[in-house]
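**Q** Here it is: the structure, laid out below.
Read-outs: derived from the displayed coordinates by stated rules, not from any lab. None of the values given here were measured: they were computed from a predicted structure. Note that each Cβ is placed from the backbone with ideal geometry, even for glycine, and that neighbours are counted across all protein chains shown.
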Amino acid sequence: MTTGRLKSAPMNAIAPPPLLIGCAAGFSGDRTDAAGPVVDTLIARLASGPAQQRAFLIFETLAERTLALAQLRRRDNPEAGYEPLLDAMLRPVLARCLAHGIRIVSNFGAANPRAAARHIARMARELGAAAPRIAVVEGDDLSGPEHRALLHETLGAQMEGLRIVSANAYIGAEPIAAALDAGAQIVVCGRVADPSLTVGPAMSHFGWHPDDWHRLGRATMAGHLLECGAQVCGGYFADPGYKDVPGLEAVGFPIAEIDAEGNCTIGKADATGGLVSEATVKEQLLYEVHDPSAYLTPDVVADIAEAEVKQQQGAEDRVALSGVRGHARPSHYKVNVCHEGGWLAEGEISYAGPRAEARARLAAEVLRQRLDGLALRVDLIGALSILGDDAGRMLADTPDTGLRDVRLRVAATHAERGQAERLAREVMALYTCGPAGGGGVRTALTPRLNTLSCLLPREAVPVRFELLGAEALA
Amino acid sequence: MNMNTATDMVEVPLYRAAHGRTGDKGDRSNISVIAWHPELYPLLVEQLTPESVAARFRHRAPARVQRFLLPRLHAMNFVLDAVLDGGVNDALNLDAHGKALSFLLLDMPIRVPSALAPLLAGP
């Protein structure tokens with residue numbers, strides 16, 4: 001990791017053109033046709049913009065449990081463990097990005113950034129593109145035996161007996177910026193913090209110092225608006241009659257224009273559905289935020305307590321974010337540790353017609369009595385299945401309203417597979433031993449992953465980037 | 001002038017005055033509430049208190065409810081601790097993230113002066 005990057009921002013009277021950053025994925029499993037319109041739009045903007053304008057494409061594909069699942073795949077196959085949709089997401093746009101100087105930054109390396117880099121190099125060869133300069137960012141993965149003592153020091157007794165699947169520090173933008181400074185066209189990361197995918201390119205492009213807190217704070221919130229993909233463009237927003245979204249079936253993905261101060265204007269890909277409005281931006285700005293004056297990331301503590309959001313006059317789907325501040329970054333990295341968590345058993349059966357709800361409730365009561373020793377969650381799909389709590393307090397307060405089409409769902413977890421399997425067998429047995437007319441039994445048994453979190457001092461987690469040579473990419 | 005304050009107020013579900021979204025991290029849920037109009041915001045500040053929201057979520061027995069105000073956005077952010085039955089990796093709920101919880105809050109009844117009723121969203 002390079003330190004002491006002392007480049008200062010240019011002091012020209014003429015402001016440099018804004019940096020364009022498009023986001024083409026908000027989670028692992030996002031739409032794979034999202035990138036095309038984003039890249040088309042970036043190419044058009046670069047063509048019509050000033051010569052110094054630059055553009056990036058980011059993909060955010062990691063959530064709290066994604067990395068643990070990726071580690072499990074890597075155990076089975078040493079060449080796996082990166083984003084399974086990498087090819088589907090990137091192949092449609094890779095050649096165009098390389099041809100037009102659009103650099104790519106993503107955490108789609110997941111548990112195996114080097115294998116992802118090899119896959120991308122192979123894809124470029126297959127597409128007939130010149131070999132891209134690919135860098136990997138590493139240091140986040142703390143799952144190896146050499147890190148066990150460090151985790152144990154912090155987690156202590158909580159770690160006794162746990163079967164660790166993954167352990168990752170949420171690392172920041174500095175190694176991304178350093179990789180870009182070194183000439184990388186594609187930066188493949190594992191667990192970097194989501195907004196760092198945006199902060200890294202902005203730091204590199206504008207030459208911001210890693211303690212330029214206000215600018216980093218602003219770019220962090222630009223990254224926060226981008227990191228969930230369509231969620232700032234009318235995705236996850238529509239509520240007919242209250243929040244109508246045009247063309248939701250073709251909802252566009254966002255493009256941020258970030259200026260030299262870090263302030264941004266959010267828009268979306270041309271010729272797509274959805275909308276960018278003050279309402280969509282406010283919802284996404286507060287998404288997964290706790291104290292708005294202290295949004296913690298490895299790069300900065302961003303502060304949106306005084307932030308403002310303004311629709312740009314005369315411009316559809318363009319909203320400016322300003323007033324964001326930043327404070328000194330935390331001294332520690334957040335670390336998520338995923339471990340094997342026993343088994344989840346689920347079973348469902350449907351009842352319909354007169355007294356369907358009463359029969360479903362009776363079936364639940366039968367299961368409760370038969371499944372002594374399992375803490376059973378009961379849902380009556382159609383009456384109450386989502387807002388209720390696992391302990392069933394809300395269901396107990398919900399009277400039988402005589403619903404005529406109800407699906408009973410029960411779920412429980414147990415450390416031992418055999419105990420969890422009892423639930424599946426008892427739901428199946430409702431066919432002949434339960435209330436009248438039950439049908440459509442489905443059962444599932446799934447291994448569980450549980451998570452622990454802790455903080456580790458930054459100096460205990462060395463991070464680095466490496467520009468991969470032809471040999472490493474073969 | 002009608003001096004009967006009771007008739008000057010209409011009771012409506014919160015979703016007519018505000019919109020919002022739920023986020024989750026671990027066993028903690030955050031729910032934003034964003035006024036549809038600046039003039040509706042003071043009513044939300046007055047009626048959506050940490051106490052009234054905790055009562056709304058009593059079945060989930062929150063360990064703590066915090067409210068953060070964002071007056072420039074005409075918004076507030078509620079942070080509810082220990083309401084997700086352990087969070088996405090532990091909960092037995094089909095919606096282990098608690099993504100639907102914003103709609104539990106948005107269905108909460110609030111009182112709005114009749115004079116402000118034209119600012120409400122929806123039917």
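**Q** Which whole-number percent is the relative contact order of chain B (Cα, under 8 Å, 6+ apart)?
**A** Reported as a whole number, the value is 39 percent.
**Q** I would also like to ask the following. Please average, across the residues of B:17-26, the number of beta carbons from any other chain that are within 10 Å of each residue's own beta carbon, and give a whole number. Before the final figure, lay out the partial values.
**A** Values: counts 0, 0, 8, 3, 11, 3, 8, 3, 6, 5.
Counting Cβ atoms of other protein chains within 10 Å of each residue's Cβ and averaging gives 5.
**Q** Around B:Leu119, with a cut-off of 12 angstrom between Cβ atoms, what is the net charge of the other residues, counting Lys and Arg +1 and Asp and Glu -1? Write out the running numbers ahead of the final one.
**A** On the way: positive: B:Arg16; negative: B:Glu39.
Taking every Cβ under 12 Å from that of B:Leu119, the sum is 0.
**Q** Output the 0 to 90 degree angle, nearest 10, between the alpha-carbon long axis of helix A:196-206 and the longest principal axis computed from the alpha carbons of chain A.
**A** That helix lies at roughly 10 degrees to the long axis.
**Q** What number in nm² do you get for the range A:88-246 if you take the convex hull of its Cα atoms and divide its surface by four?
**A** That works out to 13.7 nm².
**Q** Just going by the charge dipole of the protein assembly as shown, with Lys and Arg at +1 and Asp and Glu at -1 on Cβ, which of A:Gly26, A:Pro399, B:Leu40 is farthest out on the positive end?
**A** A:Gly26
**Q** Do you know the relative contact order of the range A:254-376, to the nearest whole percent, from alpha carbon pairs under 8 angstrom that are 6+ apart? Show your work: numbers first, answer last.
**A** Details: 138 pairs, mean separation 24.2, N = 123.
Relative contact order here is 20 percent.
**Q** Before anything else, pin down the relative contact order of chain A: Cα pairs under 8 Å, at least 6 apart, normalised by residue count, whole percent.
**A** Values: 1083 pairs, mean separation 79.9, N = 474.
Relative CO of chain A lands at 17 percent.
**Q** Quick check on my link table: of A:Lys268/A:Lys334; A:Lys334/B:Lys25; A:Lys243/A:Lys310, which ones sit more than 20 Å apart, alpha carbon to alpha carbon? Could you put the intermediate results ahead of the total?
**A** Values: A:Lys268/A:Lys334 31 Å; A:Lys334/B:Lys25 12 Å; A:Lys243/A:Lys310 18 Å.
Among A:Lys268/A:Lys334; A:Lys334/B:Lys25; A:Lys243/A:Lys310, the Cα-Cα distance tops 20 Å for A:Lys268/A:Lys334.
**Q** Please give the per residue volume of the convex hull enclosing the alpha carbon atoms of chain B, rounded to a whole number of Å³.
**A** Hull volume normalised by residue count: 104 Å³.
**Q** Please rank A:Asp390, B:Asp95, A:Asp397, fewest neighbouring Cβ atoms within 10 Å first, as an exposure proxy. Could you put the intermediate results ahead of the total?
**A** Working: A:Asp390 21, B:Asp95 17, A:Asp397 11.
Exposure proxy ranking, most exposed first: A:Asp397, B:Asp95, A:Asp390.
**Q** Order these by the 10 Å Cβ neighbour count, fewest first: A:Ile43, B:Ile34, A:Ile14, A:Ile386.
**A** Details: A:Ile43 18, B:Ile34 24, A:Ile14 7, A:Ile386 15.
Starting with the residue having the fewest Cβ neighbours, the order is A:Ile14, A:Ile386, A:Ile43, B:Ile34.
**Q** A further question on this structure: Filter the trypsin sites (Lys or Arg not before Pro) in the range A:382-439 to those in DSSP coil with at most 15 other Cβ atoms within 10 Å of their Cβ, and list the result.
**A** Working: sites: A:Arg393, A:Arg404, A:Arg407, A:Arg409, A:Arg417, A:Arg422, A:Arg425; in loops: A:Arg404.
The qualifying sites are A:Arg404.
**Q** What is the spin-label model distance, in nm, from A:Glu316 to A:Thr446 if the labels are put 7 Å beyond Cα along the C-beta direction?
**A** With each label placed 7 Å out from Cα toward Cβ, I get 4.0 nm.
**Q** If you don't mind, another one. In peptide B:29-37, what is the residue-averaged number of other protein chain Cβ atoms found within 10 Å of each Cβ? Working shown, then result.
**A** Numbers: counts 1, 7, 1, 9, 1, 7, 1, 3, 0.
That average works out to 3.
**Q** Compute the distance in nm between two label points, each set 7 Å from the Cα along the Cα-to-Cβ direction, one at A:Ala396 and one at A:Cys433.
**A** Simple spin-label model gives 2.6 nm for this pair.
**Q** Which FRET efficiency value, to the nearest 0.05, do you get for A:Leu248 and B:Phe103 by plugging their Cβ-Cβ distance into 1/(1 + (r/R0)^6) with R0 = 25 Å? Each step should come with its number before you reach the end.
**A** On the way: r = 18 Å, r/R0 = 0.72.
It comes to 0.90.
**Q** With all pairs of different alpha carbon atoms counted, what Kirkwood hydrodynamic radius in Å does the range A:337-453 show? Walk me through the numbers on the way to the answer.
**A** Details: mean 1/r = 0.0687 Å⁻¹.
Result for the range A:337-453, one decimal place: 14.6 Å.
**Q** What size of dipole, in debye to the nearest 20, comes out for the protein assembly as shown about its Cα centre when the only charges are +1 on Lys and Arg C-beta atoms and -1 on Asp and Glu C-beta atoms?
**A** Values: 59 positive and 69 negative charges, 134 e Å.
I would put it at about 640 debye.
**Q** By counting other Cβ atoms within 10 Å of each Cβ, how are B:Lys99, A:Lys243 ranked from fewest to most? Intermediate values should be presented prior to the final figure.
**A** Numbers: B:Lys99 16, A:Lys243 19.
Arranged by neighbour count, lowest to highest, B:Lys99, A:Lys243 become B:Lys99, A:Lys243.
**Q** Between B:Leu105, B:Leu73, B:Leu14, find the one with the highest GNM mean-square fluctuation for chain B; connect C-alpha pairs within less than 10 Å.
**A** Of the options given, B:Leu73 has the highest mean-square fluctuation.
**Q** In the range A:76-209, with Lys and Arg counted as +1 and Asp and Glu as -1 at Cβ, which of these residues, A:Ala116, A:Leu90, A:His209, has the Cα nearest the positive end of the dipole, that is, farthest along it?
**A** Towards the positive end, the residue furthest out is A:Leu90.
**Q** From the C-alpha gyration tensor of the range A:222-264, pull out the three semi-axes of the equivalent ellipsoid (sqrt of 5λ each), sorted largest to smallest, in whole Å. Numbers along the way, then the final one.
**A** Details: eigenvalues 120, 20, 14 Å².
Output for the range A:222-264: semi-axes of 25, 10, 8 Å.
**Q** If you take the square roots of the eigenvalues of the alpha-carbon gyration tensor of the protein assembly as shown and sort them as a ≥ b ≥ c, do you get rounded (a/c under 1.5), prolate (a/b over b/c) or oblate?
**A** Working: a/c = 1.83, a/b = 1.25, b/c = 1.47.
Oblate is the answer for the protein assembly as shown, as a/c is 1.5 or above yet b/c matches or exceeds a/b.
**Q** Specify the longest stretch of chain A that does not include any exposed loop site, a site being one of the chymotrypsin sites (Phe, Trp or Tyr not before Pro) with a non-H, G, I, E, B DSSP assignment and at most 16 other Cβ atoms within 10 Å.
**A** Details: sites that count: A:Phe27, A:Tyr242.
Longest site-free region, per DSSP loop and neighbour criteria: A:243-474.
**Q** May I pose another question? Other chains' Cβ within 10 Å of A:339-347 residues: what's the mean? Each step should come with its number before you reach the end.
**A** Details: counts 1, 0, 3, 0, 0, 4, 1, 2, 0.
Rounded to a whole number, the mean comes out at 1.
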